[in-house]
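K.L.:
My questions all concern the structure below.
The values are calculated or read from the model by the stated rules, or taken from the named source; none is laboratory data. These figures come from a predicted structure and were not determined experimentally. Positions of Cβ are backbone-derived with ideal geometry, glycine not excepted, and every protein chain shown enters the neighbour counts.
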């Protein structure tokens, strides 16, 4: 294994109808992330050759599927080390929690993703607002609160993502500039149709009602993202094939997406 890449431990014995989708998404994100972290990979390899050893600097990225501690966001867990995450700001949360001295924002991003593959059926306001559905945001909020306190998580690095090929009735514009760059560079598989959104307490009041007024409601709205209208499972096959062809043709050059 590359000295600059490692895996999170996954939960054993996990089976679901969406497993192929998860595996393909995990493979594509890993390949894209390796390209994104190529500089760190090469630097770590040089350190290893010089005798510094793979542990001299932590892995540039970690990836895992079905990660037990990640709650509802367990399908794909991806950590990008500080210098491999997009630069240029850090989003609106950089101006908050300045008194936190044990969790400095070094630019690392820890993505916890829930993948939902649907046959183009939209995730409507009714589904998102309901407490008894698999898509109810109350359940995502409760899982976020637990995950955010997990020892494996760095609070400032955490980004929880609902990722689906379907359209989603969330209307808030993204407010985190770094995550927007990460969406373009790494996450988007839907091309020009792919959409990134965050919850807006005014525009999405109906779907936020189930956790409105809770102590961590603002944190959740700030660190929860919706990536919708993404690739279907068969389209992921095409993207993986394109990636392989491009890599063979251009060797280490990153593909143009």
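K.L.:
Just to verify a result, which residue in the stretch 177-201, among those that are in a loop (DSSP other than H, G, I, E, B) and at pLDDT 95 or above, is nearest to residue 136 (Cα to Cα)?
P.N.:
199
K.L.:
A follow-up question, please. Filter the stretch 222-240 down to the residues that are crowded, with 21+ Cβ neighbours inside 10 Å and in a helix (DSSP H, G or I) and list them by number.
P.N.:
Passing the criteria: 223, 236.
K.L.:
Just to be sure I understand, how many residues within the stretch 137-152 are crowded, with 18+ Cβ neighbours inside 10 Å and assigned to a loop (DSSP other than H, G, I, E, B)?
P.N.:
Of the residues in that region, 0 qualify.
K.L.:
Moving on. Find the residue count for the stretch 68-92, including only residues that are surrounded by 19 or more Cβ atoms within 10 Å (Cβ to Cβ) and modelled with pLDDT under 90.
P.N.:
Looking only at that region, the number is 7.
K.L.:
Something else now. I'm checking my understanding of the structure. Among residues of the stretch 96-120 that are over 10 Å from residue 157 (Cβ atoms) and at pLDDT 90 or above, which one is surrounded by the fewest Cβ atoms within 10 Å (Cβ to Cβ)?
P.N.:
Among those residues, the one meeting the criterion is 116.
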